[in-house]
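Beneath this line is the structure, given in structure tokens, with notes to follow.
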Amino acid sequence: RVVVGTKVDQNHVNWVTAYNMLTGIRFTVSRTNAKMDRDLTDADFDAKHKFSFDITGNELTPSAKYDFKFKDYAPWVFRHLRSTFKLDPADYLVSLTSKYILSELGSPGKSGSFFYFSRDYKYIIKTIHHAEHKFLRKILKDYYNHVQENPNTLLSQFYGLHRVKIPYGRKIHFVVMNNLFPPHRDIHRTFDLKGSTIGRDFKEEDLEANPRATLKDLNWLRRNLHLEFGPTKKNAFIEQMQKDVKLLQRLHIMDYSLLIGIHDLERGNEENLRDKTLQVFQPGGEANEPQPNLLMRTPSKLESARKAKELRQMIKTQKPVPMDQTTSKMPDELQDPKRNFYFYADDGGFRATHENEQPGDEIYYLGIIDCLTHYSLIKRMEHFVKGLMNTESQISAIPPERYGDRFVKFISGVTKTREAAEREKAEEAAN
Ligand code: ATP
Ligand code: CA
Ligand code: CA
């Protein structure tokens, strides 16, 4: 898969869906945040609320461009999760709804999911299967409790779960989650590691045509790469990964991977890959030309402060946020919530260290993704494939327990400093 975003403008096939998603998020998030905070109850985990949007609007919902239905799941749980992950409510709304600027990630994967980035690249909307949706609702309490006990979790941070449906259209379920990759730094290499070797190879000869492709386990091993963490970071990383994988094993989850984006500090940002992937458009208007340094563009301090204040006020009074709301903060006001989290504290990522704990040359942007596949689903798909091809499936699904153990073993095995790797190599040669 190539990580190149396509802007979602009015000519885009998914424009209406994207518009409806963002309109629904804006409405439901400000609705929940308008209320006084309170403790969660058991009922909050099962809660769902349905809203109808149309061109005229009614006393409950504001008018929208299109007719659609929107369903909001467990809004209080997600409000608390966003707060655990230290998102500012106004910022969240600004990012996802200030203008309908989204970009769509390349072609969807095998699973058929679509990915959209918020205009500021902080959030990802992923459409998910009904089975994944049902499963997330089922495990929401376990996930929630895990996150309370492990705020530094490496698992995807879920911020919202919703559903949209246009008249006569199908139901589209989606989650909002953290984008692991930073808006302001080029990612020079991306890997998706599972700890398996079967089918885990991106054809090296295709790399030239696709220099930003996501590489896999065999490509990683072929390059003899490591997650170069000195003793302190290595321990913290492996310990957290083990805790996270324990949860996944207990919930019978499989098929997840460690996504790793590597930023090479020596190469820096000279290639400015980001500018090529992000484009801007405005609703109701002509698409803008791609703007360089869009993400660095900041309004005056006064203007920013005023906008943020207005937004907070609107959330309080539950007035709809105007569509043309623009970005609201100066760099020095940007209290990046990621700074509070151990694995995202080095400029949004986790910087390599040497054996002596001195900082290294890479920043790793990493996390465990795609963790909503229940074992039974894999089994079902396997049977389906087997039935179709009337042969044994090549990739036999291994049970979640073994999947997790293999995953932890592989990732731990490649987590070592440059010095340690060289030492081992020398020892091997000596034997
Ligand atoms: P499949 O089931 O076929 O593996 P999928 O549709 O479930 O695919 P994911 O595995 O979740 O998709 O993600 C596919 C790709 O999307 C990843 O390899 C990565 O490039 C990108 N991606 C997914 N989640 C994130 C994230 N949180 N941050 C950054 N990039 C992401
Ligand atoms: Ca995947
Ligand atoms: Ca998947």
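All of the numbers you see were taken from the coordinates with simple rules; none came from a lab. Just so you know, these numbers come straight off a predicted model, no measurement behind them. In this analysis, Cβ positions are derived from the backbone assuming ideal geometry, glycine residues included, and neighbour counts consider all displayed protein chains.
Here the extension length gained between Lys48 and Asp142 equals 32.0 nm, from 0.36 nm per residue of separation less the Cα-Cα distance.
Among Asp255, Asp54, a tally of other beta-carbon atoms within 10 Å of each Cβ gives an order, fewest to most, of Asp54, Asp255.
In this simple spin-label model, placing a label point 7 Å from the Cα along the Cα-to-Cβ direction at both Arg250 and Ser376 gives a separation of 2.0 nm.
Local charge for Val29 was computed over the other residues whose Cβ lies under 11 Å away, with Lys and Arg +1 and Asp and Glu -1, and equals +3. For the range 1-93, the percent of C-alpha pairs falling in each 10 Å distance bin, counted from 0 to the bin holding the largest distance, reads 14, 38, 32, 14, 1.
Round to the nearest 0.05 the FRET efficiency obtained for Glu427 and Arg222 when R0 = 25 Å and r is the Cβ-Cβ distance. The computed FRET efficiency comes out at 0.70.
The trypsin sites (Lys or Arg not before Pro) of the range 18-63 that meet both conditions, a loop assignment by DSSP and at most 10 other Cβ atoms within 10 Å of the site Cβ, are Arg38. Separation of the alpha carbons by more than 32 angstrom is noted, of Lys126/Lys338; Lys216/Lys425; Lys122/Lys216; Lys122/Lys234; Lys171/Lys203; Lys126/Lys425, for Lys171/Lys203; Lys126/Lys425. Counting Lys and Arg as +1 and Asp and Glu as -1 over every other residue whose Cβ lies under 14 Å from the Cβ of Glu422, the net charge comes to -2. Between Ile198 and Lys35, the modelled label-to-label distance comes to 4.8 nm, taking each label 7 Å out from Cα in the direction of the beta carbon.
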